[in-house]
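Shown next, in structure tokens, is the structure this report addresses.
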Amino acid sequence: MSEWSVVLPLAFISSLGHCVAMCGGFVFSYSASIEADASVFRKNAIHLLYSLGRLSSYVFLGLIFGTLGVVLSVTPVSKGVLFLVLGVFMIVFALSLVDNISLSQYLKIPFLDTKLKQLFAKASAKSTLVNYYLLGVGNGFIPCGLVYFFLAMAVQGGSALHGAGVMLVFALATIPIMYTVGMLYGVLQKIPKKWMTYFSVFLILGYGVLTFAKGVMMLQKAL
């Protein structure tokens, strides 16, 4: 199971269930603020800028975590330990999806959470195109277990560009459904979310076990 064969299908399938449930409220909220007489061009521009805001945040985080992977992988032993930790995280996250346990509440950073709320308040005050972009940027930093999973994949690449690439593919794969969530929400409700959840769990769990196994092999070679 290669990394890139997991990113795109997992991101897209997860967006149909997890992302709609997690961020659908934000989409409905900003959509409600759009002027009733707004032109089709303006409406599409708003949705596009919001999505670009999310993409910007994800790519930025990918660069940071990709760089972090370089720092943490300075020796064969540290790289092996890193893969073990990431593997355990992925396995725990996959199991949390089965039990419907949200890990995000345990991973929140109070200071960041407060700043995000302030950003949303300011961006929502005026319905300018720039503010819709800023709403997307803020949305990208909201604590989310699925985002953490892909950031864990970004760390493994050992380069900033690889990390940015992982998060770019993740963001692009989630844009279509988030872009049209308002129109398709009624249809999506009819699709059993368990199917999408179980498929995501299968991929995440499989990749977590594979990552953990890589860590074990790295440590065996290094020690």
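The values are calculated or read from the model by the stated rules, or taken from the named source; none is laboratory data. Being a predicted model, the structure only gives us computed values, none of them experimental. All Cβ positions, glycine included, derive from the backbone under ideal geometry; neighbour counts span all protein chains shown. Just so you know, the surface numbers come from the protein's heavy atoms only, side chains and all, with ligands and any DNA or RNA stripped out. Shrake-Rupley method; radii C 1.70, N 1.55, O 1.52, S 1.80 Å.
Computed values, structure above
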item	result
Near pairs, Cβ below 7 angstrom, 6+ apart or cross-chain, from region 141-164 (free of Cβ contacts under 8 Å to residues at least 40 places away in the same chain) to any residue that is surrounded by fewer than 21 Cβ atoms within 10 Å (Cβ to Cβ)	Pro143/Ser104; Pro143/Leu107; Pro143/Lys108
Matching residues, region 136-180, being open to solvent by 10 Å² or more (accessible area, probe 1.4 Å), closer than 26 Å to Ala38 by Cα, touching a Lys or Arg at 6+ places or on another chain (Cβ under 9 Å) and modelled with pLDDT under 85	Ile175
Selection status of Ser39, at pLDDT 75 or above and within 15 Å of the chain's Cα centre (by Cα)	no
Enumeration of residues in region 30-83 that are outside any helix (DSSP H, G or I) and over 25 Å from Gln220 (Cα atoms)	Ser33, Ile34, Glu35, Ala36, Asp37, Ala38, Ser39
